[in-house]
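As C-alpha cells, the structure follows; a few thoughts come after it.
The values are calculated or read from the model by the stated rules, or taken from the named source; none is laboratory data. Predicted, not measured: the structure shown is a model, and the values here were computed from it. Neighbour counts are summed over all protein chains in view; Cβ atoms, including those assigned to glycine, are modelled from backbone coordinates with ideal geometry.
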Amino acid sequence: MVPAPAGAGGSTGPALLIVGHGTRDEAGAEQFRRFVDRVRRRAGGVAVDGGFIELSAPPVADAVRRLVDAGHHRLGVVPLTLVAAGHAKGDIPGSMARERERHPGLRYAYGRPLGPHPTILRLLADRVDALCPAGQRERTMVLLVGRGSTDPDANAEVFKVARLLWEGRGYAGVEVAFISLAEPSVPAGLERIVRLGGRRIVVVPYFLFTGVLPRRTVEQATGWAAGRAEVELACAGLLGDPDPNTGTGGQGGGGGLVELVVERYREALGGDIRMNCDTCLYRIALPGHAHRVGQAQTPHDHPDDPSHSHGPGHGHGPHAAHPVG
C-alpha cells in the first residue's frame, strides 16, 4: 500500500517525483521505497512520490497518477542515479514525455543526477573509514566499483569521483572498476592494485541500494581474494544503507542523501540545471558512438504500466522524448 503523496490535502506547490531505474532484487526496491518515505517526511509539506522506469513496482505511471489525482500538475523530477548515463539522459525523460501525453496540462522541471556532490564523497569516505581507521589510510588502496555503462561520459564520471575521493584523504590510492558493460572488471581492478603494491584493499560498491549488481560486486571481490593470503580485503556498505556502525538511517546512511535529493529538486524548479554536454554521446560524435548523436529517447517498457505490450523491447516510439544531452 503506497501512502498518499504528502501535501495532498492542501499543498499547491510543485510536487517532487523521485525516479529510480528498478531492480529484480525486492530488497533493493524496498530500500528505494523507504527512501522515498524518508524524503516525504522531511520535505516540509511538499508532495513526494516515487516510481521506477522498469523491473520494480510502483512504475512511474502510478506515481504520476497519484500526484495528478491529488491536484499536482507541476512536478520537480529528480533521477535517483549517481551518474548521468542512459537512464538519466534518455529513459527517464522518455517516460516523462509519455506521462505528459497521458495527463494534459502536466508540466515538469527535470533535475540532474546526484553526481560527484560533496555529500556523495562524504558518504563514500564514511564507508571506507568504517573499515579503515585514519592511521591505516596510507597503506590502504580503495577500489571504487561502478555499475558500468555504454556511455563513455558516465564511465569517466566514476573516475572523477575516484580522484575526488582520493584527494586529501591520505589513502594509498583509489582505483576504478566496473561490474558490467565496461572495463576494467572487478578482478582486473584488484589485480592492478596488487601490481601497484597494494595488499590492504577496501572495495566500495558505487551503488545506492542493494541489488543484483552490488551483490555480484561483493561476490567477485571476495571470490578473487579467496586463497590470496597476502591480501587483506574488505567490502564497504552501500551509500543508501543504514549506517554500518549504528544501524540507523541518519546523516551517514541516508539523511545526507535526503537533503541532496531536495537540493536537486529545488535546483530544477529554479532553472539551475547544470549538465555536462561537452562529452555527451547524444551531442558529440565520440569514437565508436557517432551513430548515437541526436538519437531519440524512448521510455522503458514497465510490466505494470498500462501501455505494456507484453512484447520484446523497451521503447514506445510514439512517446519518444527529444534528444537530450
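Overview of results
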{"quantity": "Test: residue in the stretch 147-155 that is within 16 Å of the chain's Cα centre (by Cα), part of a loop (DSSP other than H, G, I, E, B) and of a type in the set (Ser, Thr, Tyr)", "calculated": "yes"}
{"quantity": "Meets criteria (in contact (Cβ under 8 Å) with a residue 24 or more places away in the chain and either within 27 Å of VAL258 (Cα to Cα) or not assigned by TED's automatic domain parsing to the domain that holds GLY240 (or both)) for GLU175", "calculated": "no"}
{"quantity": "Number of positions in the stretch 156-202 that are of a type in the set (Ser, Thr, Tyr) and assigned to a helix (DSSP H, G or I)", "calculated": "0"}
{"quantity": "Residues of the stretch 131-140 satisfying the condition of being over 24 Å from the mean Cα position of the chain (by Cα) and in contact (Cβ under 8 Å) with a residue 12 or more places away in the chain", "calculated": "CYS132, ALA134, GLN136, ARG137, GLU138, ARG139, THR140"}
{"quantity": "Checklist (1) surrounded by 20 or more Cβ atoms within 10 Å (Cβ to Cβ); (2) closer than 21 Å to PRO187 by Cα; (3) among the hydrophobic types (A, V, I, L, M, F, W, C); (4) under 18 Å from the mean Cα position of the chain (by Cα) applied to VAL128, failing item", "calculated": "(4)"}
{"quantity": "Pairs, first closer than 12 Å to ARG112 by Cα and of a type outside the set (Val, Ile, Thr) in the stretch 270-290, second assigned to a loop (DSSP other than H, G, I, E, B) and at pLDDT 75 or above, C-beta under 8 Å, six or more apart", "calculated": "ARG274/ARG112; MET275/ALA84; MET275/ARG112; ASN276/ALA84"}
{"quantity": "Close pairs (6 angstrom Cβ cut-off, 6 or more residues apart or separate chains): without any contact (Cβ under 8 Å) to a residue 12 or more places away in the chain in the stretch 93-118, part of a loop (DSSP other than H, G, I, E, B) anywhere", "calculated": "ARG100/LEU106"}
{"quantity": "From the options ARG137, ARG163, ARG192, ARG169, residue that is over 23 Å from LYS89 (Cα atoms), touching an Asp or Glu at 6+ places or on another chain (Cβ under 7 Å) and either at pLDDT 95 or above or of a type outside the set (Ser, Thr, Tyr) (or both)", "calculated": "ARG192"}
{"quantity": "Evaluation of ARG66 against (1) farther than 28 Å from VAL161 by Cα; (2) in a loop (DSSP other than H, G, I, E, B); (3) at pLDDT 95 or above (one fails), failing number", "calculated": "(2)"}
{"quantity": "Failed condition for GLU183, given (1) under 22 Å from LEU213 (Cα atoms); (2) out of contact with any helix residue (DSSP H, G or I) (no Cβ under 7 Å at 6 or more places or on another chain); (3) touching a residue at least 24 places away in the same chain (Cβ under 8 Å); (4) of a type outside the set (A, V, I, L, M, F, W, C)", "calculated": "(3)"}
